[in-house]
Amino acid sequence: MNDVRIDSVIPYITLGAVMAATSFFTFYYHYVKDEVLKRYRNFLWPTLGYILIKEFLLTPKYTHEPLFLYLLSELLYWGSLFLYIRFIYITIDFKKKIKTFRKLADIAQLLLIFAFLVYLTLQLFFPSYTNYFEYMIVPVSLYMLIVVILFILHLYRKRIVAYYNFFYVGSIFFLVFNTIGVYFDSPEKQLYGLTNFSILCTGWFLELIMFMVGLCIRAKNDWDDKLKIITQNATNEKKLLIAEIERQHAVQESRHTERLKISIDIHDGISNAITGLKFYISDKRLQSKNDNEKELLKDLEYEVNSIYIQVRDYIQKLYYGESSQGFDIVQLLDSIKEQYKTSSLNIKVDMDRSTINKYLTAFQLNELYFVLNESIGNAVKHSGADQIIVNISFDNEMCYFSIEDNGIGFNYKQKLNNNNTGGLGLSNVLDRMEKLHGHIQYHFSDGTKIFGSFPYFK
């Protein structure tokens, strides 16, 4: 009784699976023009037609009446085999189709056509000889099985993507159960309670399962490849952005160094000469007894002093930058944030834009500029973070800033002692904080957190 139930249930399970797969692949192919899906969909349609006719129109399933429906079911069955061979061949994703495999697939299709014509002739004109047909179909099935096995061996030898193996393992299930079904072509012949139709349905169902597994693996591989490309592009973009930041930083440092050198040269040369000239004129004015001469020297002293003030201001501008306002920290942070806007790195900035230039002197702006630039650059280059948060705030006396990332952190003492891997940059940060009379701290729990402060009234 249980065997009868199993024999009755298997076709319905297979029918549901094949119907769902046929509908899905037919719909899906309109959006994804994949040749493999197209060939597999073409194979599923006659298979579905054969199962429907056998299960619902031919009663009992082994009857040959009406003859038209019986011949139609056989045409669909043999057509599904023919289309399956075409599907198997198209799944070979070689850059150049190997001629040997092409010939093997063509021979298999010709054998199926010939076998169907022989089967049709025996059914129509020599029904008493139909029992001998199994001696023909078994070699044909074995030939197709050997072709599939050769495909699998070639895949392993060439190490071609693994999901094809599932396609071909499903083919083996399909062909083995079709071959076995030849020997159980009547209700009296059963394999553990399974009749011919249930055996064929079992082969189709197992083949469909293996195809779906292979398709899922292919989808996963495609996603992994896309993710790898996205990650590689993000890495390359990050390298370019880091290189651009380093280039800009080097340009700024070079400009600052050159300005410093020029300002020192002017201070030691022209500025000292003007100072000496100012004292000389003042001394002459004090020694002079002529009122007109004293007045003239006084006016001259005033003009020289005015020139001295202009030179001093120019020296300060050279030392601190293009203007007495110092470097623009707001522009720096906006520029860095904009550069990483399209990358995987998210930079958040929290600051009161109006108070920075209002409270800080040019000197403090310049020193804080380089501290932030160096610290953010270290976070981008070494932390592996995908988020950096920069905060600048003020109270009545102090300026506070912090740079936090969610990366891997680093060994502070080791970096500080290694000039080749960032120690020089950290040393410069400490020197600049000392000039600001401030403090800076590093914490390395769940990323790197840098906290700094300095009095802005100095």
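The values are calculated or read from the model by the stated rules, or taken from the named source; none is laboratory data. These numbers were taken from a predicted model, which means no experiment stands behind them. When we count neighbours, we look across all protein chains shown, and the Cβ atoms used for this are built from the backbone with ideal geometry, even at glycine.
Observations on the structure shown:
- LYS289 being outside any helix (DSSP H, G or I) and either surrounded by 12 or more Cβ atoms within 10 Å (Cβ to Cβ) or at pLDDT 75 or above (or both): yes
- Of all residues making up segment 169-183, the number that are assigned to a helix (DSSP H, G or I) and more than 38 Å from the chain's Cα centre (by Cα): 8
- Among the criteria (1) farther than 20 Å from SER427 by Cβ; (2) among the charged types (D, E, K, R); (3) assigned to a helix (DSSP H, G or I), the one GLU367 does not fulfil is (1).
- Of all the residues in segment 53-80, those that are surrounded by fewer than 17 Cβ atoms within 10 Å (Cβ to Cβ) and assigned to a helix (DSSP H, G or I) number 8.
- Flag for TYR89 being surrounded by 15 or more Cβ atoms within 10 Å (Cβ to Cβ), under 23 Å from PHE211 (Cα atoms), modelled with pLDDT under 75 and assigned by the TED database to the domain that holds MET212: yes
- Failed condition for PHE27, given (1) assigned to a helix (DSSP H, G or I); (2) touching a helix residue (DSSP H, G or I) at 6+ places or on another chain (Cβ under 9 Å): (2)
- Members of segment 108-132 found to be among the aromatic types (Phe, Trp, Tyr) and either surrounded by fewer than 16 Cβ atoms within 10 Å (Cβ to Cβ) or out of contact with any Asp or Glu (no Cβ under 9 Å at 6 or more places or on another chain) (or both), listed by number: PHE114, PHE125, PHE126, TYR129, TYR132
- When we screen ILE336, ILE347 for residues that are assigned by the TED database to the domain that holds GLY377, at pLDDT 85 or above and either touching a strand residue (DSSP E or B) at 6+ places or on another chain (Cβ under 8 Å) or at negative phi (or both), the only hit is ILE347.
- Candidate set from segment 345-371 (those that are among the charged types (D, E, K, R) and more than 34 Å from the chain's Cα centre (by Cα)); member that is surrounded by the most Cβ atoms within 10 Å (Cβ to Cβ): GLU367
- Residue satisfying all of: in segment 165-189; surrounded by 20 or more Cβ atoms within 10 Å (Cβ to Cβ) and hydroxyl-bearing (Ser, Thr, Tyr); farthest from LEU153 (Cα to Cα) among these: THR179
- Given (1) over 30 Å from SER383 (Cβ atoms); (2) among the basic types (Lys, Arg); (3) in a helix (DSSP H, G or I), number of the condition LYS189 does not satisfy: (3)
- Condition check for GLU374: closer than 30 Å to ASN233 by Cβ, at pLDDT 90 or above and buried (at least 17 other Cβ atoms within 10 Å of the Cβ): no
- TYR28 vs. criteria in contact (Cβ under 8 Å) with a residue 60 or more places away in the chain and farther than 24 Å from LEU194 by Cα: no
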